Ligand code: APR
């Protein structure tokens with residue numbers, strides 16, 4: 001049985017009433033997000049302090065970074081000496097006057113955070129490991145939850161102690177974004193502040209819905225890869241463009257961390273973190289998504305892109321507002337689909353050629369590519385998944401994704417991100433395999449043979465190996 005919890009405002013979305021959880025709004029319970037505004041015994045007095053502070057900020061015309069810091073520490077006194085706000089201070093000083101609207105924005109974020117008991121008046125279930133489940137929130141609810149994350153109102157999560165309640169969850173409060181100044185932090189804060197500017201302004205406040213679906217692939221649904229009869233699906237390869245721009249309208253792959261969003265609230269600035277900064281609504285997934293297991297993924301439908309950017313890593317720059325004109329469904333939900341799948345992190349490169357690891361990556365990709373009931377299934381936009389920070393071999397990862405897409409009967413657009421060599425060699429090997437009418441099962445067996453060959457001689461190149469063995473393998477396998 002699958003759970004779908006819709007937390008949107010009942011009056012606006014009456015037809016969804018049947019999905020609303022029946023257990024009430026204030027569950028201080030291990031299956032639900034522990035909310036800062038909970039009336040549970042321990043938390044009630046904390047919300048009194050928080051809301052008093054936020055009210056005082058919200059009532060002012062201008063609020064300084066010092067005021068923000070003082071408020072946050074007031075209701076998080078334990079972290080007075082641990083949390084630093086130097087990045088927020090330096091950011092505020094360094095930003096040109098024309099762009100410095102923060103003094104007047106802070107009171108608006110505080111006012112938005114205060115609406116939490118009204119805007120999110122149902123308990124939010126946790127998307128736990130081992131279960132497929134869905135949560136739908138309105139974009140306004142998400143903005144309110146993120147305003148609370150900005151003001152660090154969520155009960156602290158002890159993520160370092162493996163036996164603690166939230167050990168398997170990402171962090172959600174923004175405190176780590178405010179300390180350890182760097183140019184990366186400046187660009188991250190520009191993107192985040194722009195998001196809050198848009199969502200607190202009546203004329204630009206977003207009106208749609210966003211759905212978060214955790215898919216857990218059961219062991220019985222995992223393909224027996226060696227006996228898959230599907231032919232390869234269509235493949236488009238380009239060295240130009242990016243998944244999130246040129247891949248609009250497709251299922252866009254997030255090269256994720258098992259803790260969703262990775263280092264978005266810290267200093268990380270790779271594909272996933274950038275995606276989360278330009279679509280900040282994705283960050284709210286950190287509130288309720290437990291660490292992804294090997295057979296799981298998260299699919300987010302309807303998030304809005306607020307910012308443009310340029311660069312990658314240290315060269316990342318916020319490049320101004322983005323007007324997201326994506327097509328919407330009947331609930332004003334954007335049709336944008338983002339698929340978070342975490343590749344394995346191969347500290348020792350040779351590990352990835354082990355059969356069990358090839359299987360793990362195939363099943364992870366397939367879990368995301370197969371889609372879920374009632375969900376549209378556009379082609380997939382992906383690229384060098386797992387091949388940057390996680391040290392994967394782009395040739396192997398491209399074939400793994402191609403096989404998973406074929407099994408899921410979906411086309412693939414592959415963005416090599418400027419890698420001309422990969423573009424050409426992949427195009428060549430794909431045409432060869434296609435001409436030979438190779439099936440997913442045959443390719444899997446070739447990969448297994450390659451795995452043994454690679455362990456005998458670490459210099460063997462995957463595409464060369466396929467070229468040499470494709471004819472033999474077809475007749476012998
Ligand atoms: N579109 C297409 N390709 C891209 C894009 C993009 N927008 N951004 C980056 N790439 C290419 C680059 O060539 C990059 O080296 O994908 C490669 C892999 O990207 P990484 O982000 O390094 O992905 P991965 O190796 O899977 O690392 C995942 O990084 O962002 C964190 O939280 C994430 O911990 C996780 C880890």
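The values are calculated or read from the model by the stated rules, or taken from the named source; none is laboratory data. A quick note: this is a predicted structure, and the numbers were derived from the prediction, not measured. Neighbour counts run over all protein chains shown; Cβ positions are idealised from the backbone, glycine included.
Quick check on residue 388: is it at pLDDT 95 or above, in a helix (DSSP H, G or I) and closer than 21 Å to residue 246 by Cα? No: the conditions fail for residue 388. When the test is whether a residue is surrounded by 21 or more Cβ atoms within 10 Å (Cβ to Cβ) and either within 16 Å of the ligand (Cβ to nearest atom) or not in a loop (DSSP other than H, G, I, E, B) (or both), residue 245 does not pass it. For the range 259-275, the candidate set comprises residues that are crowded, with 22+ Cβ neighbours inside 10 Å, outside any helix (DSSP H, G or I) and within 10 Å of the chain's Cα centre (by Cα); within that set, the residue that is nearest to the ligand (Cβ to nearest atom) is 262. Screening residue 81 on (1) in contact with a helix residue (DSSP H, G or I) (Cβ under 9 Å, 6 or more places away or on another chain); (2) modelled with pLDDT of 95 or more; (3) not in a helix (DSSP H, G or I) shows it passes everything except condition (1).
Within the range 248-258, being within 7 Å of the ligand (Cβ to nearest atom) and surrounded by fewer than 24 Cβ atoms within 10 Å (Cβ to Cβ) holds for one residue alone: 257. When we screen 275, 259, 232, 270 for residues that are in contact with a strand residue (DSSP E or B) (Cβ under 9 Å, 6 or more places away or on another chain), modelled with pLDDT of 95 or more and farther than 26 Å from residue 180 by Cα, the only hit is 232. Considering the range 288-319, and only residues there that are without any contact (Cβ under 8 Å) to a residue 60 or more places away in the chain and touching a strand residue (DSSP E or B) at 6+ places or on another chain (Cβ under 9 Å), the residue that is farthest from residue 367 (Cα to Cα) turns out to be 319. Between 332, 340, the distinction of being out of contact with any helix residue (DSSP H, G or I) (no Cβ under 6 Å at 6 or more places or on another chain) and within 13 Å of the ligand (Cβ to nearest atom) belongs to 340 only.
For the range 141-173, filtered to residues that are closer than 16 Å to residue 77 by Cα and modelled with pLDDT of 95 or more, the residue that is nearest to the chain's Cα centre (by Cα) is 173. Evaluated against (1) in contact (Cβ under 8 Å) with a residue 12 or more places away in the chain; (2) over 24 Å from residue 367 (Cα atoms); (3) more than 17 Å from the chain's Cα centre (by Cα), residue 246 falls short on exactly one condition, (2). Entry remark, the range 390-421: residues being surrounded by 22 or more Cβ atoms within 10 Å (Cβ to Cβ) and within 7 Å of the ligand (Cβ to nearest atom) number 2 in total. Cβ separations smaller than 6 Å between residues 6+ apart or across chains give no pair from the range 226-237 residues that are without any contact (Cβ under 8 Å) to a residue 40 or more places away in the chain to residues that are surrounded by fewer than 13 Cβ atoms within 10 Å (Cβ to Cβ).
Considering 174, 212, 196, the condition of being closer than 15 Å to residue 263 by Cβ and buried (at least 20 other Cβ atoms within 10 Å of the Cβ) is satisfied by 174 alone.
Of the listed requirements (1) touching a residue at least 24 places away in the same chain (Cβ under 8 Å); (2) more than 16 Å from the ligand (Cβ to nearest atom); (3) part of a loop (DSSP other than H, G, I, E, B), residue 460 misses just one: (1).
Per-residue answers, yes or no, for (1) touching a helix residue (DSSP H, G or I) at 6+ places or on another chain (Cβ under 8 Å); (2) closer than 20 Å to residue 124 by Cα:
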| position | (1), (2) |
| --- | --- |
| 30 | no, yes |
| 34 | yes, yes |
| 37 | yes, yes |
| 41 | no, yes |
| 45 | no, no |
| 48 | no, no |
| 53 | yes, no |
| 61 | yes, no |
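Condition first: in a helix (DSSP H, G or I), touching a residue at least 60 places away in the same chain (Cβ under 8 Å) and farther than 28 Å from residue 404 by Cβ. Can you find one or more residues in the range 276-287 that meet it? Looking through the range 276-287, at least one residue is in a helix (DSSP H, G or I), touching a residue at least 60 places away in the same chain (Cβ under 8 Å) and farther than 28 Å from residue 404 by Cβ.
How many of the residues in the range 422-432 are within 12 Å of residue 235 (Cα to Cα) and either away from the ligand (no atom under 15 Å from the Cβ) or in a loop (DSSP other than H, G, I, E, B) (or both)? Looking only at that region, the number is 5. Going by what's in this entry, would residue 445 be described as over 15 Å from residue 399 (Cα atoms), touching a helix residue (DSSP H, G or I) at 6+ places or on another chain (Cβ under 9 Å) and either at pLDDT 95 or above or surrounded by fewer than 19 Cβ atoms within 10 Å (Cβ to Cβ) (or both)? In short, no. Checking each residue in the range 372-389 for being surrounded by fewer than 20 Cβ atoms within 10 Å (Cβ to Cβ) and either farther than 19 Å from residue 238 by Cβ or more than 9 Å from the ligand (Cβ to nearest atom) (or both) picks out 372, 373, 374, 375, 376, 377, 378, 379, 389.
Considered as a group, the residues in the range 337-357 that are in contact (Cβ under 8 Å) with a residue 60 or more places away in the chain and over 27 Å from residue 300 (Cβ atoms) include one that is surrounded by the fewest Cβ atoms within 10 Å (Cβ to Cβ), and that residue is 350.
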